[in-house]
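All remarks here apply to the structure that follows.
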Amino acid sequence: MNDRKRILIIDDEPTALDLLRRILEMKGYDVLSAVDGQEGIRQFRYQPCDLVITDMVMPVKGGLQTILDLRKHAPDLPVIAISGGGTIAKERYLTVAGYLDNVITIAKPFTVDEVTGAVEKLLEAQEPGPSKET
């Protein structure tokens, strides 16, 4: 049985998508990708993931609506929201996402350590604690 964690990356920027994919695959994760929120939701329905990384500013369906729609299917889904900004400063997009439970926000440009640290933190929080035998 494969116990590798599956991560879905949703970003309309090919460079960011490729970089995130490489980082996560080097760490041993199975990675799926989508170029907008609508495609990401479709992918998630066919292949549920342990964690989603989504850009906040994308065509077709933005990151915030994508997170809300994904949470209809998986209420406890851990999410990393990333943004380089758009019509408003990136901090504003990330602040809104940060109000949601089980979401970590990261501003672009990001470091490898920021991404891997956030992924590990969210996935560790999902792991059941050690069972206590009585």
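The values are calculated or read from the model by the stated rules, or taken from the named source; none is laboratory data. Everything numeric in this text was worked out from a predicted model, so none of it was measured. Note: ideal-geometry Cβ built from the backbone for every residue, glycine included; neighbour counts use all protein chains shown. Remember, those area values only see protein heavy atoms, side chains included, never the ligands or the DNA or RNA. Shrake-Rupley method; radii C 1.70, N 1.55, O 1.52, S 1.80 Å.
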Which residues, taken from region 32-74, are in contact with a Cys (Cβ under 9 Å, 6 or more places away or on another chain) and either more than 20 Å from L100 (Cβ to Cβ) or at pLDDT below 95 (or both)?
-> L32, Q43
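Restricting the search to region 45-62, which residues are open to solvent by 10 Å² or more (accessible area, probe 1.4 Å) and within 19 Å of I104 (Cα to Cα)? If you could, list the steps in order and put the result at the bottom.
So in region 45-62, the residues open to solvent by 10 Å² or more (accessible area, probe 1.4 Å) come out as 45-50, 56-62.
The answer is C49, D50, M56, V57, M58, G62.
Collect the residues in region 44-88 that are among the charged types (D, E, K, R) and over 13 Å from the mean Cα position of the chain (by Cα), keeping them in residue-number order.
Those that are among the charged types (D, E, K, R) and over 13 Å from the mean Cα position of the chain (by Cα): R45, K61, D69, K72.
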When the residues of region 78-101 are filtered to those that are touching a strand residue (DSSP E or B) at 6+ places or on another chain (Cβ under 6 Å) and open to solvent by 10 Å² or more (accessible area, probe 1.4 Å), which remaining residue is modelled with the lowest pLDDT?
-> K90
Scan of region 63-77 for residues that are open to solvent by 70 Å² or more (accessible area, probe 1.4 Å) and part of a loop (DSSP other than H, G, I, E, B), ordered by number | P75, D76
Selection count, region 1-25, where residues are under 23 Å from K121 (Cβ atoms) and either of a type in the set (D, E) or without any contact (Cβ under 8 Å) to a residue 40 or more places away in the chain (or both) = 9
What pairs come up if the first residue lies in region 110-124 and is open to solvent by 70 Å² or more (accessible area, probe 1.4 Å), the second is among the aliphatic types (A, V, I, L, M) and part of a helix (DSSP H, G or I), and their beta carbons are under 6 Å apart, counting only those six or more places apart or on different chains?
-> V112/I23
Might you let me know whether region 26-41 holds any residue that is closer than 16 Å to A118 by Cα, assigned to a helix (DSSP H, G or I) and free of Cβ contacts under 8 Å to residues at least 12 places away in the same chain?
-> yes
